[in-house]
Amino acid sequence: MKTTKEIVLFLGPPGAGKGTLSHLCVKRLGWVQLSTGNLCREHIAQGTEIGEKIDFAIKSGKLVSDSLIVDMVGQWLSECVTGDQTVVFDGFPRTVPQAEALNELLSKRGDVSLRLVRLTMSDDHLVTRLLSRIICSDKKCQAVYSVHEHSSLKPRKENICDECEGSLVRRSDDEESAIAERLKIYHEHEKRLLSFYKKIGQSICNVEAHQSLEEVYGSFIDMTGYSE
Ligand code: AP5
Ligand code: MG
């Protein structure tokens, strides 16, 4: 059986920077990242059967069904994770049934430890970030940037991805009504998810996300003790 050293879960509301911080952990710590949102967008772009089923939910800011998401994660874990790797999940689990299913998946993989990191930030700041986000249109890349005037996360060339030279676009769910829906749904589920982990004795490390990316990364490293 394949082994995985550790699974780190980045929890946090839309726009808190889960994808951006995960990407930095891939670059600096050599981790492997799974973003369930990226996986969903890849299905939609490829026009798969799953993509057709979830297109409306994604555009309107609703959650995709637990069973579809859990199947995707299970398949990804068995196909893409090899050896002694640290894996970061960005945006999974989001509901208690997903958290239960993850525990079940991990129990089948032997000795895997779970670490939870929660990014926190006020809704007002989240909305500002989401309205300034652009991402790479190449669904294999999906690198994330900001066009906010004071941001250090702008692309080097306007509208061109630094990593693959793909064109940069807004996400279809980064418009005001879908953002409001995503935030509402996130808050509804977060409470239950946190109670679930508290009940099973799983600790959570809270990181203030309303700081520069280097400061967020620094807080994360200080609190968790990971080293490059
Ligand atoms: P997903 O793609 O996961 O979207 P989300 O949860 O709404 O989170 P975001 O990706 O919007 O935000 P983020 O925290 O990654 O922030 P980012 O790094 O981009 O999911 C999309 C949809 O897929 C869901 O709505 C749902 O339909 C479905 N789905 C996915 N997972 C699911 C699941 N488990 N169950 C059911 N359905 C699921 O950063 C945001 C912006 O801020 C960027 O512009 C970035 O450059 C900037 N930024 C980042 N960090 C900083 C910083 N420190 N300082 C300044 N700017 C920063
Ligand atoms: Mg993301």
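The values are calculated or read from the model by the stated rules, or taken from the named source; none is laboratory data. Computed from a predicted structure; not experimentally measured. Please note: Cβ atoms are built from the backbone with ideal geometry, for glycine as well, and neighbour counts cover all protein chains shown. Please note that ligands, DNA and RNA were not included when accessible areas were found on the heavy atoms of the full protein model with its side chains. Shrake-Rupley method; radii C 1.70, N 1.55, O 1.52, S 1.80 Å.
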Of all residues in region 41-65, count the ones that are under 17 Å from Glu79 (Cβ atoms) and surrounded by 14 or more Cβ atoms within 10 Å (Cβ to Cβ). 3
Of all residues being assigned to a helix (DSSP H, G or I) and open to solvent by 50 Å² or more (accessible area, probe 1.4 Å) in region 204-221, which is farthest from Arg192 (Cα to Cα)? Just the residue, please. Glu214
Selected residue (criterion: nearest to Leu213 (Cα to Cα)) from residues of region 129-175 that are away from ligand 2 (no atom under 14 Å from the Cβ) and touching a helix residue (DSSP H, G or I) at 6+ places or on another chain (Cβ under 8 Å): Ser152
Where in region 97-190 are there strands (runs of 3 or more DSSP E), lying wholly inside it, with at least 1 residues that are within 18 Å of the chain's Cα centre (by Cα) and over 28 Å from Asp66 (Cβ atoms)? 133-136, 144-146
Working only within region 54-65, note down all residues that are in contact (Cβ under 8 Å) with a residue 24 or more places away in the chain and either away from ligand 2 (no atom under 16 Å from the Cβ) or not in a helix (DSSP H, G or I) (or both). Ser60, Gly61, Lys62, Leu63, Val64
Please list, ordered by first then second residue, the pairs with beta carbon atoms under 9 Å, 6 or more apart or interchain, first in region 212-228 and charged (D, E, K, R), second in a loop (DSSP other than H, G, I, E, B). Glu214/Ser152; Glu228/Gly30
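Would you please name the residue that is farthest from ligand 1 (Cβ to nearest atom), looking only at residues in region 66-95 that are assigned to a loop (DSSP other than H, G, I, E, B) and open to solvent by less than 60 Å² (accessible area, probe 1.4 Å)?
Within region 66-95, the first condition is being assigned to a loop (DSSP other than H, G, I, E, B), and the residues that meet it are 81-84, 91-95.
Filter again for open to solvent by less than 60 Å² (accessible area, probe 1.4 Å), leaving 81, 83, 91-93, 95.
Details: Val81: 17, Gly83: 25, Gly91: 3, Phe92: 4, Pro93: 6, Thr95: 7 Å.
The extreme case among them is Gly83.
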Checking Phe10 against (1) closer than 25 Å to Tyr197 by Cβ; (2) open to solvent by 10 Å² or more (accessible area, probe 1.4 Å); (3) more than 7 Å from ligand 1 (Cβ to nearest atom); (4) touching a helix residue (DSSP H, G or I) at 6+ places or on another chain (Cβ under 7 Å): exactly one of these is not met. Which one? (2)
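What are the residues in region 138-170 that are in contact (Cβ under 8 Å) with a residue 40 or more places away in the chain, out of contact with any His (no Cβ under 8 Å at 6 or more places or on another chain) and crowded, with 16+ Cβ neighbours inside 10 Å, if any?
Looking only at region 138-170, we keep the residues that are in contact (Cβ under 8 Å) with a residue 40 or more places away in the chain, and these are 139-140, 142-144, 152-153.
Applying the additional criterion that residues be out of contact with any His (no Cβ under 8 Å at 6 or more places or on another chain) yields 139-140, 142, 152-153.
Correct list: Lys139, Gln142, Leu153.
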If you go through region 104-118 one residue at a time, how many are free of Cβ contacts under 8 Å to residues at least 12 places away in the same chain and within 16 Å of ligand 1 (Cβ to nearest atom)? 1
